[in-house]
Structure formats: C-alpha cells, structure tokens
Amino acid sequence: MGPACHHAFPDTAGHHTKSLLFKPAMATPEFQQTLGKIASFTGTALHTGEKATLKLHPAPVDHGIKFKRKDLQDEPTIDAKIENLKTVERSTTIGEGSVRVHTVEHVLAALSAMGVDNAVVEMDANEPPIGDGSAQPYVDLIKKAGVTAQEEARKFFDVREPMHVETKTGALLVLLPDDKFRISCTQAGPNNRFTQFLSMEVTPAAFEREIAPARTFVYYEDVEPLMDKNLIKGGSLENAIVVRGDAVLSKEPLRFSDEFVRHKILDIIGDLALVGRRIRGHVVAVKPGHSANAELARALDREHTRRSAMSAPRAIPIGDSGLDSSEVMKILPHRYPFLMVDRVIGFEGENKITAIKSVTINEPFFQGHFPGHPVMPGVMQVEAMAQVASILLFKLTKTSSRVGYFMSADEVKFRKPVFPGDTIFIHAELTRARGNRMAKTKCYCVVNDAVVSEGELMFTFLDK
Ligand SMILES: [Zn+2]
C-alpha cells in the first residue's frame, strides 16, 4: 500500500467528533468462492505410472470439495472431509465404501490456499497426475479456470484456545488463536540434517509465490524398497527431490534453498483443508507429517462438533431456523414413548440439522434398562438420530412425492452412557444423496460436549 492509500479517505480519518459513526464495523463477510469454468490437465499418476486427467468443475455454495472417479461405474464422489480419511502413509488417501482417491493433498492445498471453497475434482484414475511433485500445476489450472465469488458467507473455524497434537515419531503441531491463517514450520531430516524454518501468513499470493512451486522430497532409504517393489511406477527425479545422505538429487536445481520446509507447509495446508472450513489460527509445526496433520484436522473437527452443540440457543427459534415440538410432530408420525426429538434448534444450509432430546427418569425404557442403574439404550439413540435425519430429509423432499425410509445403520459406535437428566444434542448431516433414490447421513449424539454415540444412517426414498 502506497502513501496515496493512507490519504484516500481524509474525511473519515479526520472527523473524531463523528467517531460514533465510524466505530469498528463488523468484518466484511468473506464470500464462498468456486471456479469460473471447467479446466483440465493430463499427466502421469505417481503410483501406477499411467496417464491421468484431472478436471476441475465449479460447484454450488456449501458443496465443499468433492473428488469424482469418472473411471468407475456410477462415477462415485468422495467428500474431501476428515471423516473420509483412510491412510496417511507418504501421501493422503481418502475414501468412501470401497472407493479411494490417493495423493489428494497437493490439489487440496492449491484449492484451499487459492481461495476455492466449492469444486468437483474429477479424475479418470485413483490419483491426480503428479505433475512436478509440487502444487504448481494445480495453481496454474485454478488460474486458468478463474476464481469467482458466490452468494453465501464463508465458514470459518476460529481458534479460541491453544490446541496441540503430538505423534510418536516426534511431530508436534500447536494451533494458536490468530485472526489470520498462519503457519510457522520447522522441518528436520534424519540426524537433524536439512533443518529449515519458515513462518508465513497463508494468502493466495503468498502461496503462489512461496509455497506452490516447492516439490515433494523423499529420503532414498524410504523410497528404495518401494522402487524395488515397483510401487511408484510414475516416480522419477522429474517429480520428486531425492535426498541421499547429504546429497540432493533432482532433475532441476532446488527452487528455494529451503524448499523442503516450504513443501511441508504445502502438505499442512492440504491436509488441514479436510476440515472443510477456513482456519483462523496460527499453526506452529515441528517435524510435521501427514499423520500429525491429519490428527490436528480431526481435533479441529471434534472441537467444531463440540462447539456447535454448546452454542444451542435457549429460546425456541421460530420460522425456518428451528422447529418446536408441535412442528416436529407435524413431520414425524412418532408419538410418546417413541418420539425421540423434543425440538429442532437449527438448520445449517440444506444439509445439516441439530435437534435436542431431554432424557428424563420418566422415560419408559429406564424401568427395565436397568433396574437400579438407569442407562439409555443405545438403540434409542440410533432411533433419535434416525428421527432427526428424517426431519432433514423431509425438508429436502417436501416438494416431491417421495418420502425417505430408514434403511440401515453403519459404523454405529456407543462411546459413553447416557443417564436420566442428560440433554442430547443430535446432529445429522446429509453426506450423500444419490438422485432421489437414496441418502446417507452422518449422525452424532452429544452430551456435555462429548460424543456419546454416532452412526451412518442410510435412507431410501419411496413414493408417498
Ligand atoms: Zn506433499
């Protein structure tokens, strides 16, 4: 900013008597962004060595980033969300059911840092073309497609108090409050060789200039067995820097003297993109790796769930923001003692709902479960989740002639007992809808900030 900018508004700066008019305004809302148009590029996949094409598509608000396997039947999509994380060995793999996409972190880093909130990443292979091992090709692609603002405010995760994760391998990640997204990273190789430090605020311009060109680096000891087993057919000195002892081998010279720490920052941005919200906080990372990054993303996700449970309004919202018990009963056919929803306290977009159920000693099930030791049966919590998810689906399908039926529950976990006197916050999120035939929801029951049970509930739609 030049001096001219400082004097662009002399009136507002000078009129102290009118200061009431210029009290600090609410921060201008940042809007979600997507791509201006479709753009694609073709290259070699790292693990198979085969040709792969990656195509970026624009997507509507609140869609998030989803990967699409164009090469598979039904072209399944996978949400780039931390709950879909499968493995973190050398690269980050996400999946749903039996479908996987590997090495997603560099594309995710580019999309996130360049400010793209909503996009479909379509691929005709199980991983993106590796390019030169950096995020540069994806940044070029995003710039080719253009980035455009949408009409919904961005979703943020504001760090309120320090959080940290530590792994057995010596990685330490601390997250501190900050009004910007910052990363300060220390990278160190074996015997602390190649120790490098860099601290920066992550903005699109800084990412493009300082981080995107930094390439993947590997230690020879780590890749030798993989090369022997032919597991990295597409790997070469054209898409990775190989460190052997003190020697640095690569096709072109280092792009930065501290290229390694820059790539570590790139991976942190990509892995934390799985949180699905923009982070306002300062990540201080020591010897980070994919598994530590993923653990931090998980911790953020848990903290977000905990907070949304705590921010329950005391008053009953009216209109579209919530439903009182009589409105709930207009939607659900269930009645005492099987109605497991007292009130809907909010919807977030079209895909999320939070409801509450106060559990009293008068619930009939406590008489027999168990005499002298009342514990709410887990199946009743699943019933509560199903009822809440049904309300969400009702909202989605109310204009159609179809109605959703509870079909199955997967990955159900009961983590803590629920006692008389507890208030359960029931969260349901639509994670997948296949046309108007079936829908999948991820549900949580939360009591006193802790998840007590969770499950993936599937619904099928039938004609009314
Ligand atoms: Zn990487």
Exercise for review: Determine which member of the set Ala145, Ala171, Ala149 is more than 16 Å from the ligand (Cβ to nearest atom) and crowded, with 19+ Cβ neighbours inside 10 Å.
Suggested key: Ala145
Check your understanding: For residues in the stretch 276-300 being open to solvent by 10 Å² or more (accessible area, probe 1.4 Å) and assigned to a helix (DSSP H, G or I), which is farthest from Glu30 (Cα to Cα)?
Key -> Ser291
Study note, to complete from the structure: Counted residues in the stretch 157-200 being of a type in the set (Val, Ile, Thr) and more than 30 Å from Tyr220 (Cβ to Cβ) come to 2
Exercise for review: Quickly run through the stretch 307-326 and pick out the residues that are part of a loop (DSSP other than H, G, I, E, B), open to solvent by 30 Å² or more (accessible area, probe 1.4 Å) and at pLDDT 70 or above.
Suggested key: Asp324
Check your understanding: Condition test on Ala206, is it within 22 Å of Glu105 (Cα to Cα) and surrounded by fewer than 19 Cβ atoms within 10 Å (Cβ to Cβ)?
Key -> yes
Point to revise | strands (runs of 3 or more DSSP E) wholly inside the stretch 166-234 that include at least 3 residues being farther than 18 Å from Ala297 by Cβ and of a type outside the set (Gly, Ala, Ser) | key: 196-201, 217-219
Review point. Does Tyr219 count as of a type in the set (Ser, Thr, Tyr) and more than 27 Å from Arg280 (Cα to Cα)?
Key: yes
Review point. Considering the stretch 72-84 alone, what residues qualify as being assigned to a loop (DSSP other than H, G, I, E, B) and within 17 Å of His106 (Cβ to Cβ)?
Key: Ala80
Review point. Regarding Leu457, is this residue open to solvent by 40 Å² or more (accessible area, probe 1.4 Å), touching a residue at least 60 places away in the same chain (Cβ under 8 Å) and not charged (D, E, K, R)?
Key: no
**Study point:** the stretch 58-71, residues that are open to solvent by 60 Å² or more (accessible area, probe 1.4 Å) and either out of contact with any Asp or Glu (no Cβ under 8 Å at 6 or more places or on another chain) or part of a strand (DSSP E or B) (or both)
**Key:** Pro60
Study note, to complete from the structure: Flagged in the stretch 97-106 as in contact (Cβ under 8 Å) with a residue 12 or more places away in the chain and more than 11 Å from the ligand (Cβ to nearest atom), in numbering order, are Gly97, Val99, Arg100, Val101, His102
Exercise for review: Collect the residues in the stretch 116-129 that are more than 21 Å from Glu83 (Cβ to Cβ), out of contact with any helix residue (DSSP H, G or I) (no Cβ under 8 Å at 6 or more places or on another chain), open to solvent by less than 50 Å² (accessible area, probe 1.4 Å) and not small (Gly, Ala, Ser), keeping them in residue-number order.
Suggested key: Glu122
Exercise for review: Mind listing just one residue for me: the one in the stretch 71-94 that is in contact (Cβ under 8 Å) with a residue 60 or more places away in the chain and of a type in the set (A, V, I, L, M) and, of those, farthest from the ligand (Cβ to nearest atom)?
Suggested key: Ile82
Revision key, fill the gap. When the stretch 96-115 is checked residue by residue, the ones that are surrounded by 24 or more Cβ atoms within 10 Å (Cβ to Cβ) and part of a loop (DSSP other than H, G, I, E, B) are Val104
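Is it the case that the stretch 129-136 has a residue that's over 30 Å from Val412 (Cβ atoms), assigned to a helix (DSSP H, G or I) and within 13 Å of the ligand (Cβ to nearest atom)?
Step one: of the stretch 129-136, the residues over 30 Å from Val412 (Cβ atoms) are 129-136.
From what's left, assigned to a helix (DSSP H, G or I): 136.
Of the ones still in play, those that are also within 13 Å of the ligand (Cβ to nearest atom) are 136.
Checked the stretch 129-136: at least one residue is over 30 Å from Val412 (Cβ atoms), assigned to a helix (DSSP H, G or I) and within 13 Å of the ligand (Cβ to nearest atom).
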Review point. How about the stretch 212-245: which of its residues are open to solvent by less than 40 Å² (accessible area, probe 1.4 Å), of a type in the set (Gly, Ala, Ser) and under 22 Å from Gly270 (Cβ atoms)?
Key: Ala212, Ala214, Gly234, Gly235, Ala240
Review point. Is it the case that some residue within the stretch 379-391 is out of contact with any His (no Cβ under 8 Å at 6 or more places or on another chain), open to solvent by 50 Å² or more (accessible area, probe 1.4 Å) and within 22 Å of Met329 (Cα to Cα)?
Key: yes
Check your understanding: Which condition does Ser199 not pass, out of (1) modelled with pLDDT of 95 or more; (2) open to solvent by 50 Å² or more (accessible area, probe 1.4 Å); (3) out of contact with any Asp or Glu (no Cβ under 9 Å at 6 or more places or on another chain); (4) within 29 Å of Ser308 (Cβ to Cβ), if it passes all the others?
Key -> (4)
Practice item. Could you tell me which residue of the stretch 327-378 is nearest to Cys443 (Cα to Cα), considering only residues that are basic (Lys, Arg) and open to solvent by 40 Å² or more (accessible area, probe 1.4 Å)? Key: Lys352
**Study point:** Among residues of the stretch 235-264, those that are of a type in the set (D, E, K, R) and part of a strand (DSSP E or B), counted
**Key:** 1
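To keep it simple, each residue is scored yes or no on (1) in contact with a helix residue (DSSP H, G or I) (Cβ under 8 Å, 6 or more places away or on another chain); (2) free of Cβ contacts under 8 Å to residues at least 12 places away in the same chain; (3) more than 11 Å from the ligand (Cβ to nearest atom).
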position	(1), (2), (3)
Ser257	no, yes, yes
Val261	no, no, yes
Leu266	yes, no, no
Asp271	yes, no, no
His282	no, no, yes
Lys287	no, no, yes
**Study point:** Top-ranked residue in the stretch 439-453 [being open to solvent by 20 Å² or more (accessible area, probe 1.4 Å) and at pLDDT 85 or above; ranked as farthest from Ser408 (Cα to Cα)]
**Key:** Val451
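The values are calculated or read from the model by the stated rules, or taken from the named source; none is laboratory data. Keep in mind the model is a prediction, meaning the values are calculated, not measured. No Cβ is skipped: glycine too gets one built from the backbone with ideal geometry, and neighbour counts run over all protein chains shown. These accessible areas exclude ligands, DNA and RNA; they are computed on the full protein's heavy atoms, side chains included. Shrake-Rupley method; radii C 1.70, N 1.55, O 1.52, S 1.80 Å.
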